[in-house]
Amino acid sequence: MARAQTASYRVRMIELEGLTKRYGEKVAVNHLTFTVRPGIVTGFLGPNGAGKSTTMRMMLGLDRPTAGDVRIDGQHYDHLKDPLKYIGALLDAKAMHGGRSAFNHLLCLAQSNGIPKARVDEVLDTVGLTSVARKKAKGFSLGMGQRLGIAGALLGDPRILMFDEPVNGLDPEGIHWIRNLMKSLAGQGRTVFVSSHLMSEMALTAEHLVVIGQGRLLADTSMADFIAQNSRSYVRIRSPQRERLLDVLHEAGITVVESGSGTLEVDGAKSEQIGELAAQHQLVLHELSPQQASLEDAFMQLTAESVEYHAHTDAPPQQWGGGWNKET
Amino acid sequence: MAATQVLKSEWTKIRSVASTVWTLSLAAVVTIALGILISLLSKNEFDKMGDNDQLSFDPTYISFAGMSLGQLAMIVFGVLVVGNEYSTGMIRTSLAAVPQRATFLFSKIAVAAGLALVVGMITSFIAFFLGQAALGTHSASISDSGVLRAVIGGGLYMTLIAVFSMGVATMLRSPMLSLGILMPFFFLISNILGAVSATKKIGRYLPDQAGSKIMRVVTPIGDDTPYGPWGGLAIMVLWVVAALLGGYLLLKRRDA
């Protein structure tokens, strides 16, 4: 019956349904339901400890879900014949035997899935490791290890690719390379699912966003919608003639928000327009500055409730517990 | 997932790490060299032995004396073959490539056991022939009754020790923990249990003591062991099967 459901529209998709993972009392992944679609880069975002890696391990059949289901191309992972030809994953750059050469590491993976030996040389070339193919992996830098892991993911020419925090610890050149690689893989029509705890990184690569916090789904939206909803642009104004300015702006039909310490904020309006209005009415301005709330801020706001490991730098002690305490 | 693909893959894994070569060659060299040394010493001691000891003198078994130490290298081989998957994190890459855990585990064990069998057999035959050469006039011949069985048994014994270690390492996942348990077990505890008469009856059902019966040709005077050479090997095989089954059941249930 499961096979009959493998209609063509499900090809290249990852479908999660009510996916849950409990470790004793602790719920690491809590009833996640979403679908990862082909042809785009889907960002999987969440603070550290949100359950991203656990979710990815369950997608690959490494961890057993407590409840719920993951399907790749409509099938369970362990029903896939030669899974590396369906889905390639980079979970952890260190998930290899350091005493084995890069070539042999890839060769044993290729052989297990009936992938021809020639493909090993191809992927080594793609990731730029041909010159160190016979060197032992333990001598590799983090960046080289990451490239070798990516070579392993590409080995079966899979239609679905999954990367767990691929830019962690990479130099700018490596980061640039990975971003371009992910975009070009998606451009070829593949499904690309990539996790990160950095919104800024996702904003550069992902077209779709899945945000989780404390194992729960917080958002499943296109990047464009997320930006439109969450990146507020406004103009900040300070003036010694605050009351008069408020009247003038009000007459012009501009909505003003009074924020703390006497500053005014105007959503959407152009700073030029406000400056000209102030000049017409001979009002003194001390500040007139266009502002952009960053995506990072929006992400922080979204996940604030669910951040597991707070750094208590600016919050007074009596407030720290608020995020965990459901009654507050 | 064709099992032949996974067997090929596991062969690539095992031949591409240095630990395979050094553990197996150490097992062979130590077993053979120590066997020759003890054979030489026994030859010189023979005339000073009592009647009972002379009647119990087993030249075949003496040439395998090096196995008590050589088997430790076999244990390291077995532990590292499985344990390195865990200690390096390779296990997640391996199981993502081969999600059928029974296929993964038993292909790995089949390849490693096959290699251990080849090395064990060669080691056993060399240890026998060089040991007999060192024993001179007191030596046994391969055509003597029971001798060929003992020599082949020596190769089987080394293989089974390695496979037992693989099962234990699959259960424990950590190479250091596995070695920390297996090394003293085979090198100390088994010997101590065997040396004290009160615990001897229990000790002889341990895998190494039961299994090593197959390498004996002459039954020592006053020996009341309730099993023969093949019975002893069967007891050892039961231990190995139990370790593998335990390892498989845990691997199947656990998160990687």
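Given the conditions (1) facing another protein chain (nearest Cβ under 7 Å); (2) farther than 27 Å from B:VAL17 by Cα; (3) assigned to a helix (DSSP H, G or I), report the number of the one that A:THR54 does not fulfil.
With respect to (1) facing another protein chain (nearest Cβ under 7 Å); (2) farther than 27 Å from B:VAL17 by Cα; (3) assigned to a helix (DSSP H, G or I), A:THR54 is out only on (1).
If you scan the range A:83-112, which residues turn out to be farther than 16 Å from B:GLU10 by Cβ, at pLDDT below 95 and within 8 Å of chain B (Cβ to nearest Cβ)?
Correct list: A:LEU91, A:ASP92, A:LYS94, A:ALA95, A:GLY98.
Which condition from (1) outside any loop (DSSP other than H, G, I, E, B); (2) modelled with pLDDT under 90 is the one that A:GLY169 breaks?
(1)
Name, by its number, the condition in (1) over 23 Å from A:ARG147 (Cβ atoms); (2) of a type outside the set (Asp, Glu); (3) crowded, with 17+ Cβ neighbours inside 10 Å that does not hold for A:GLY189.
Failing condition for A:GLY189: (3).
If you take the residues in the range B:3-19 that are among the hydrophobic types (A, V, I, L, M, F, W, C) and facing chain A (nearest Cβ under 7 Å), which one is surrounded by the most Cβ atoms within 10 Å (Cβ to Cβ)?
The selected residue is B:VAL6.
Yes or no: the range A:119-136 includes at least one residue that is more than 7 Å from chain B (Cβ to nearest Cβ), outside any loop (DSSP other than H, G, I, E, B), among the basic types (Lys, Arg) and under 21 Å from B:VAL17 (Cα atoms).
Checked the range A:119-136: at least one residue is more than 7 Å from chain B (Cβ to nearest Cβ), outside any loop (DSSP other than H, G, I, E, B), among the basic types (Lys, Arg) and under 21 Å from B:VAL17 (Cα atoms).
Please verify whether A:LEU161 is under 29 Å from B:THR12 (Cβ atoms), within 14 Å of another protein chain (Cβ to nearest Cβ) and part of a strand (DSSP E or B), treating the condition exactly as stated.
So A:LEU161 fits the description; yes.
Please work out which one of (1) within 14 Å of another protein chain (Cβ to nearest Cβ); (2) in contact (Cβ under 8 Å) with a residue 12 or more places away in the chain; (3) part of a loop (DSSP other than H, G, I, E, B) is the condition A:ASN48 fails and give its number.
Among (1) within 14 Å of another protein chain (Cβ to nearest Cβ); (2) in contact (Cβ under 8 Å) with a residue 12 or more places away in the chain; (3) part of a loop (DSSP other than H, G, I, E, B), A:ASN48 violates only (1).
Which condition number in (1) touching a Pro at 6+ places or on another chain (Cβ under 7 Å); (2) buried (at least 22 other Cβ atoms within 10 Å of the Cβ) is the one that A:ILE160 fails?
Condition not satisfied by A:ILE160: (1).
For a quick check of your reading of the model, give me the residue pairs whose first member lies in the range B:3-14 and is basic (Lys, Arg), whose second is part of a helix (DSSP H, G or I), with beta-carbon atoms closer than 6 Å and at least 6 apart or on different chains.
Matching pairs, first to second residue: B:LYS8/A:GLN111; B:LYS13/A:CYS108.
Looking at A:PRO38 and the list (1) more than 11 Å from chain B (Cβ to nearest Cβ); (2) in a strand (DSSP E or B); (3) not aromatic (Phe, Trp, Tyr), which single condition is not satisfied?
Failing condition for A:PRO38: (2).
Sort out for me the strands (runs of 3 or more DSSP E) sitting completely within the range A:172-281 that have 2 or more residues that are touching a Phe, Trp or Tyr at 6+ places or on another chain (Cβ under 6 Å).
It comes to A:191-196, A:208-213, A:264-267.
Give A:SER101, A:SER112 a once-over and let me know the one that is of a type in the set (S, T, N, Q) and in contact with a strand residue (DSSP E or B) (Cβ under 9 Å, 6 or more places away or on another chain).
Step by step, each of A:SER101, A:SER112 is checked, and only A:SER101 is of a type in the set (S, T, N, Q) and in contact with a strand residue (DSSP E or B) (Cβ under 9 Å, 6 or more places away or on another chain).
The values are calculated or read from the model by the stated rules, or taken from the named source; none is laboratory data. Here the structure is a predicted model, which means the values were calculated and not measured. Every residue, glycine as well, gets a Cβ built from its backbone with ideal geometry; the counts of neighbours run over all protein chains shown.
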